[in-house]
Every structure is written in structure tokens, then in C-alpha cells.
1. Among residues other than B:E23 whose Cβ falls under 13 Å from its Cβ, what is the net charge (Lys/Arg +1, Asp/Glu -1)?
2. Which Cys residues of the protein assembly as shown have no other Cys Cβ less than 4.7 Å away and so no disulfide-compatible partner by this rule?
3. Could you derive backbone 3J(HN,Hα) for the stretch B:54-67 from the dihedral phi with the Karplus parameters 6.51, -1.76 and 1.60 (θ = phi - 60°), listing whole Hz in sequence and x where the residue is Gly or Pro?
4. Return one whole number: the accessible area per residue of the protein assembly as shown in Å², for a 1.4 Å probe.
5. May I ask which of A:K164/A:K195; B:K300/B:K386; B:K172/B:K393; A:K161/A:K194; A:K86/A:K145; B:K148/B:K169 have a Cα-Cα span longer than 18 Å here?
6. Under 11 Å from a point 7 Å along the Cα-to-Cβ line of B:K155: which residues of the stretch B:125-140 have their amide N that close?
7. Within the set A:K63/A:K244; A:K110/A:K211; B:K54/B:K108; A:K84/A:K153; B:K226/B:K365, which residue pairs have Cα atoms separated by over 32 Å?
8. Using helices alone, I'd like the mean residue ellipticity at 222 nm for chain B: each DSSP H run of four-plus residues gives -39500 (n - 2.57), total over residue count, nearest 500.
Amino acid sequence: MNNLDTLPKKKILSLFMTCGFPTLSQSKKIFNEILSHQPDVIEFGLPFSDPMADGPIIQEANKLALSSNLSTQQSLNLIKELSKSKNNTSFVIMCYLNTVRKFGLDKFIKSIKNIVDGIIIVDLPFEEESEIKKSLSKNNIHLIKLISPMTDKKRAQKLLKGSKGFIYYVSATGITGSNKLDFKEINKNVKFLKKMTNIPVLVGFGIKSKKDVLEISKKTNADGVIIGSALIQKYFDLKMDLNKYVIGLKKFIQEVKI
Amino acid sequence: MKTYKQPSTIGRFGEFGGMYVAETLMPLLLNLDKSYKKIQKDKKFKKELNDLFKNYVGRPSSLHYAKNLSKFINGPKVYFKRDELNHTGAHKINNCLGQILLAKKMGKTRIIAETGAGQHGVATATVCSLFGLPCYIYMGSKDIERQKPNVFRMKLLGATIIPVESGSKSLKDAMNEALRDWIKNVRDTFYIIGSTAGPHPYPKMVRDFQSVIGKEAREQILKVEKKLPDYLIACVGGGSNAMGLFYPFLNDKKVKIIGVEAAGRGVKTEETAATMTSGTPGILHGSYSYVLQDKDGQIKEAHSISAGLDYPGVGPEHSHLKDIKRVKYFGINDKEALEAFQTCSKLEGIIPALEPSHALAYLIKAFKNKHKNKVVILNMCGRGDKDLFTAAKAIGFDADE
Ligand SMILES: Cc1ncc(COP(=O)(O)O)c(C=O)c1O
């Protein structure tokens, strides 16, 4: 069973949060709150010292998580513990390749097998993926693909071929947390992708509010959204007060669940 | 050894190299690779670059027989390949001219770069001024502090300097920020990477542009010594000046080649930048190569008195050359480099940059009273003007007195 194979048809909500942020014990509370809303997908970010494709907010989350020497094993243990109450929620890991490589691919897969449904390795392009993809698929873990506005048709066809889970469409050419949303362009590109694939296309990067979520739903053909930086930003807005943050998260998630 | 032919079409030097970047950048890198391949065959491009090398940079740089230093070492005959005489004071300009011509050909209108010592920043700002393109330089705030003369130079040349406050506030973090800028501005921006690091095709492209150093040195030494050198020595940060000198000699089995890394306070300490002595293979800035990392693959901060060598990674081709044992790599610590910096200044009338001072220190240490009748070429890849304040402070000289 892979939860990603039974995602709903529309209005999919995927929430991203960095593991171990701001500390390991507080992170458990945060993920428990997120999980209590049973979003369609939770993306677990594994902190990396040099998160090349992330903006300042997720960078800061990574830095805080790593400042108490969080290990990969601790992050994976956290995910395992949470999976006891995952129900229909899909668990997806989002990370950089060096983390997986250093942990050991086989050991990594063994630790997440039957717990995690998909993985996004941000800096693993199609050209370099074959070995990892094979090992993952043997263990029924989907390798989720990012597609950007820079990806042309020929390349998109290659990326989409045999893709499983969902497509992560990067809505703006930019790093996580960028702010410009161009619905017209998003719609054009999503439509074009949907002609080539049957799996859901989710839009991520730069989605900040209920308004954004509604507009994506109304003005584009996308099957859902991914929200990350906006979720983490709240922690800093609320002056790093965990209790207030958990309440703020609850309110925010209720809002964006449309 | 078979004829050396690296990298593969997908940018592999043996197992090292590759393209490990987000999908947003992949189409750009593939396009860059295609454009680069095209201009390599373009006679007009070659001519344009050669004219600039000759008339703007002042190439060929001379090959100087360092008589006094040779006498002091009491060992081999030492030649300096004098790329410190280049316009802007280091080898970095060779690469920048190549890349900006390519940027022009590709119709890009905005240039970004990272810099550590500021030499690559200055070289980039210089070529941007020459070609009239806006220039944005990412520089760690720690490096801004210790390379002040170069910061002022870049400003005079019209560049905008963007201080980087993340991580160790030095070269690695500047490169992260430059990559993020590129991801955000993919359509109009060309990223001029300053060393043989980063994702394919940069390690190959930068090596090719820098290999003018080795090509010249080969001709020059054959002329004066009527034979190839016995040794080549160069410092290795990301590895561009070293690859530039080494590459045209890789097939000459008899030429022994030595790369010198910065060991900071020592290779056995945590405060080092000697990636190939103290590091392990991993992925940083889009390429698979030796890096300084912990057991979970988190990248460690590097340490060196020389801002240009203060980098926890190294170009993938060096990792390959280390593993096939074609090049040997050694570490030299801050103190040894500072001493060589002074020795060379006093004996040879050449104030070297702190980066090649590491190569000099290795030469003095390892060749003292040895290897007589041998010939060494050392890459004098930069001059010391930019380091005067750092060196004065480290030596205990009050520059304001
Ligand atoms: C004079 C000089 N030498 C060497 C380096 C190190 O770079 P690379 O190893 O790419 O030659 C620098 C970098 O800034 C430099 O300024």
C-alpha cells in the first residue's frame, strides 16, 4: 500500500515542515498538530547545512534544527513515531542528496520502508537518478519529481514518463518562499503537464494564504497545493513562542483546507 | 596511462563531478553546456579571446627563473609562472574573459559571481565593466572584512557587492547565495563561477579557459630548459589555477604534479581547508567531490588565513586526479604559508598572494637540500597586494604606525 496512489482527485493539500525545528521535542508537538488535521500529504524536510534551493525562512529552520546537533537518524525516528497515526496521510521526505548518500542508500531505504510513501531529493536531477529510483521502487517508495517553468516539453516528457505519486510543479522560477504568483502562467504550464500525465500536479513555492489556495483552485487546473515557508514563517511572526505557534498553525491549516 | 580524456559527456571525472542541482537549474546547465560546446569550435570566439588575453591581460605571462629562492632551497631550479602579473593581479581574469564572451553570445544581460579572496570578484567586475554588463558579487561578510582593498576595487569598477551573512560568512556561503540568485533569475542571468567547482559544465569550462597557463608554461620551459619540468606545484582552493597549469601536462608521465591545500591550523585539527587530506567524498554546490563533512553529511566550515583557499570543497577533477594518483596533494598550515610569503618577498622581490604562498611553503619544506638538477614550475597565481593587511596583522606589524 502506498497512500500516494489513492490521493483525492482535487484540492490536495500538502504541508511542508522541517524535522527537528526548532528543537526535536518541539518539532514533535508541531508535527502532531499538523497530523491531527490529516492533510493529504505531509512533507518532512531533513535539515541540511547548505540548502541551495531554499529561501531564507527554510534556511533558518534548517539552521535552528541543526544547532542542537540533530542527526539524520533522529529525524527518521521522529517520522517513524508519527507514522503510527498517519492513517490516509501520505508521508513524503524532502531532502538533499548528500544526506541520503552519507547515511547509506540501503540503510536509508530500510529505515523508511512501509513508513514513507515518497521522497523528493531536491538536487537529484533526472540525469543522475536511475540507481536510486530503482532501489526506491523495489521498496514501493515513489521518487517525486519537480518540474519548473524552465523545463521544456521534451524534457518534461522524459521526467513524467513512469512518474508516480504526484508532480511538484515549482510555480515560480525561484527558491522556496519566493513571492510572485503568476496564475496565468501557472495555469498554462499545469494544463500542459496534465496532458502528459495522469498523476496529480501540485503547485508549490510561494503559496502563502487561503487566498492563494483558493485562486490556484479557481484559476488553474492544478490538483492541489504545497505550503511550506508560510507555515514556518508563522513561528517567527509569533516571536518563537511554541504554544502560540501551535494555536496559530491550527488556525492556518483550517483556513487553507478548502 | 591512456591518453587523459576527462570529463565524460555528462561531466564525470571518473566517478566525480556530475550535475546535482534543482530542476530549475538543469535546463540552464544543459543549455550552457551546449553553448559552450558550440563556441569551442568557433574561430571568431577563439580569436576574440586571444586578443583580449594578449592586449587586455598582458599574456603570455612570463616564466621567471627564481634564482635567489633556488639558491636558498639548495635543491631544484625553480621557475615561477607569473600569472600574478596579469591585469587584476591573479589568474582569475583568464576564466572571466572566457565566460563573459560566452554570456554575451548567449544573450545574457546580467552577471553574478561569488568571491572569497575578492580576486574573482575583481576579475568579474572588471570584465563586466569592459563589456558594459551589470555585475552583482556575493561575498561573505568575513571576507569583506579581511579583503578590504578588493572590496573597494570592485566598487570602483561599478559592481554591486551583496554581503552574505549565512553560515561561515565566507566563500561556501557566497556560492550558496549566488546559486539561489541564479535560480531566481534564470532567464537573464549568467553565473560566472570562479573555480573548477560547481556542477558540469563549470569544472571543465573553467579548466579549459585556465589551461592557457599550462600551455604557455610548456612552450616556455621547452625553450629555456630544452626539456619538460620534473615537477609542477600549485595551490588548490577550488582548483582552477592548479588545473590550468596541470592540464596540458597530464599526459606527460614523467612530470610529477603536486597540489597544495590550505591546512589552516593543521590537517589534524577541525580548523582546516585541506579537503583532500581531511575530507571524504560528498556533494556540495552541485558536484560530487571530496568535501569536509560530518558523519551525517553536513558540510563543515573551512578555515584558512587565505580567503581564496577557505573552501570546504574542491573541484571534482582534483578528486579524480588524487584517486588515480596522477597528482599528489599536501596540506600547508597558516604559519608555514606566512613564512613563505615573507621569504619570497625578501629573496625574490615578488610579494605573493597568500594562496600561492602555500605552494611556496610546500616547495621550500619538501625540496630543501633535495632534488638537485631538477626543474620545478610553481604557479605564482596571484600577487599579495590584497593580503597586506591580513599579513601585517598576522605577523604583528602595525600598518597604521
Ligand atoms: C591568487 C589566488 N590563488 C588561488 C585562489 C584559489 O582558487 P583556485 O584554486 O581556483 O585557483 C584564489 C581564489 O580566490 C586566488 O585569489
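The values are calculated or read from the model by the stated rules, or taken from the named source; none is laboratory data. Since the model is a prediction, treat every value here as computed from it, not as a measurement. All Cβ positions, even for glycine, are placed from backbone atoms using ideal geometry, and neighbour counts span all protein chains on display. Note: areas computed on protein heavy atoms with side chains; ligands, DNA, RNA excluded. Shrake-Rupley method; radii C 1.70, N 1.55, O 1.52, S 1.80 Å.
1. Working: positive: A:K145, A:R155, A:K158; negative: A:D123, A:E127, A:E128, A:E129, A:D152.
Here the charged neighbours net out to -2.
2. A:C19, A:C95, B:C96, B:C235, B:C344, B:C381
3. My calculation for the stretch B:54-67 gives 6, 8, 9, 8, x, 7, x, 6, 7, 10, 9, 7, 7, 5 Hz in order.
4. On a per-residue basis, 40 Å².
5. B:K300/B:K386; B:K172/B:K393; A:K86/A:K145
6. Within reach of a label on B:K155, which here means backbone N under 11 Å from a point 7 Å along Cα→Cβ, the stretch B:125-140 contributes nothing.
7. Check vs 32 Å cut-off fails for A:K110/A:K211; A:K84/A:K153.
8. On the way: 16 runs with 167 residues, N = 401.
Using -39500 (n - 2.57) per qualifying helix, the result is -12500 deg cm²/dmol.
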